[in-house]
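Enquirer: Right, I'll just put the structure down here and ask away after.
The values are calculated or read from the model by the stated rules, or taken from the named source; none is laboratory data. Just so it is clear, the model here is predicted, and its values are computed rather than measured. Cβ: placed from backbone, ideal geometry, glycine included. Neighbour counts: every protein chain shown. The area values use the complete protein model at the heavy-atom level, side chains included, leaving out ligands, DNA and RNA. Shrake-Rupley method; radii C 1.70, N 1.55, O 1.52, S 1.80 Å.
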Amino acid sequence: MAGRGHHVILGTAGTGKTVMAVHRAAHLADPRTRNNGPTLLLTYTNSLVVYLRHFAAGLPGVTVETYGRFGRGYLAARGLMGNHQIATPNQRRYFVEQAVKATATTYRPSTFFDRATDFFLDELEWIDGNGLATLEDYLAVRRVGRMEPLQPSQRQAVWAIRTHYLAARTGSGLPYDWAGVPSAVRAALADDVQPRRYKHIVVDEAQDLSPEAIRSLAAAISADGSLTLFADYAQQIYGQRVSWRSCGLTVTKTEEFLDNYRNSPEIARLAIGMSQMPHFQDSADLVEPRAPQRAAGAKPTLVQYSSAEVEAAAVATNAASFGKVSRVGILTRTRAEARRASRGIPGVRALHDGLDQWEITAGVYAGTYHSAKGLEFDVVFLPFCGADRCPDPETVAAFGYDEAAARESRLLYVGVTRARDELIITHTGAPTPLLPPTNSGHYQVTVAR
């Protein structure tokens, strides 16, 4: 693969994308490589950065960090950002809620403004993520990722909400939010005549970045440098069905990794079954998984409990037992659920932004599906996978069932594909419809007494 230009490598879970990303970064930074230079190895979540640093430790010329840290650092270096100038998620939510109320007063009464705040947060993030600077741009663009399209009048209302939001946020001394940082970086790079800090940028889990973030990275490399993106659209979480072409990249050939080296055949077959469900069929550049390359193991276990309290306690007890000899992941939709399912486990390691070291020894990790992106564990527990909680009712209320199912099934796919040898999925009541049915042959089905 050439050491200049734009490159995209698509691979399904377990195909070694993260390992290859580290090797790619090491190769491009190696003084013996033609056209070598300073290289940034970048991803979205902090837990994956810690994981990458563990494997990239000691590689000269390679910097490993999140996109957020890169963007904030660049703007600060240009004198365009001071301390505490990025709105927190809670601040952003508050300003958006106020903006919706303010905008609603200028319209005739409409149920449109009664939608969940998450709907408006998501739409404003999509606007920023695609770098839409004017109402005309927003009205003209095809809105991918929204199963129920917004009408022009609704888009105009959203833009009015955005205008109110920006005025309130900046008026409070917060010129940025995280969704808008990529556009700010791209604009700053456009008039930056200084030599670029990095000749090469390698991105792991690139499907999590917005188109505008990818455009900013393309602008952040030197003219003779390279941008290499490793991605899996079946694991898409932060973005929504966006192709590389829409990011303005010049990619002559997309490489594909298909063979699964991580998951046991039984776990891989469950993941393949999930990828073939209707929720996945609208994903751009989806790579069809191929047969696993490992020896056979046990089927994933699907366990029903009588209550969430009993379920959480059983998961904690069983995970602690496995954790004495294996690396165990307890993965859930929210941090609160992860804490609940890991309560009482001695030395449990939380997957969160404060994680600063990756342990390769046996033990238990607990965190969200998001925080587990790119990671792997010998044993994975996925608690709270009942139909009443998955898809998440609040997500259904904000986006409708079909869109919520598409989003939530990708989250669940991430959790399933983190498991190397054993996967235990637990639930109360009926199991989630986002998984293949219980009679599909994918599971050992158990009802706990």
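Enquirer: Counting only protein heavy atoms and using a 1.4 Å probe, what share of the accessible area of the chain belongs to carbon plus sulfur, as a whole percent?
Expert: Of all accessible area on the chain, carbon and sulfur atoms account for 51 percent.
Enquirer: Starting from region 322-386, pick out the trypsin sites (Lys or Arg not before Pro) whose DSSP state is loop and whose Cβ has at most 11 other Cβ atoms within 10 Å.
Expert: Counting only loop positions with at most 11 other Cβ atoms within 10 Å, the trypsin sites (Lys or Arg not before Pro) in region 322-386 are 324.
Enquirer: Taking square-rooted eigenvalues a ≥ b ≥ c of the alpha carbon gyration tensor, is the chain rounded, prolate or oblate, where a/c under 1.5 means rounded and, failing that, a/b exceeding b/c means prolate?
Expert: In terms of gyration-tensor shape, oblate.
Enquirer: Averaged per residue, what accessible area in Å² does region 1-144 show with a 1.4 Å probe, protein chains only?
Expert: 49
Enquirer: Also, I was wondering about something else. How many Å² of accessible area per residue for region 168-214, probe 1.4 Å?
Expert: Averaged over the residues of region 168-214, the accessible area is 37 Å².
Enquirer: Can you show me the helix-derived [θ] at 222 nm for the chain, built from DSSP H runs with n ≥ 4 at -39,500 (n - 2.57) apiece and divided by the number of residues, rounded to the nearest 500.
Expert: Computed mean residue ellipticity for the chain: -11500 deg cm²/dmol.
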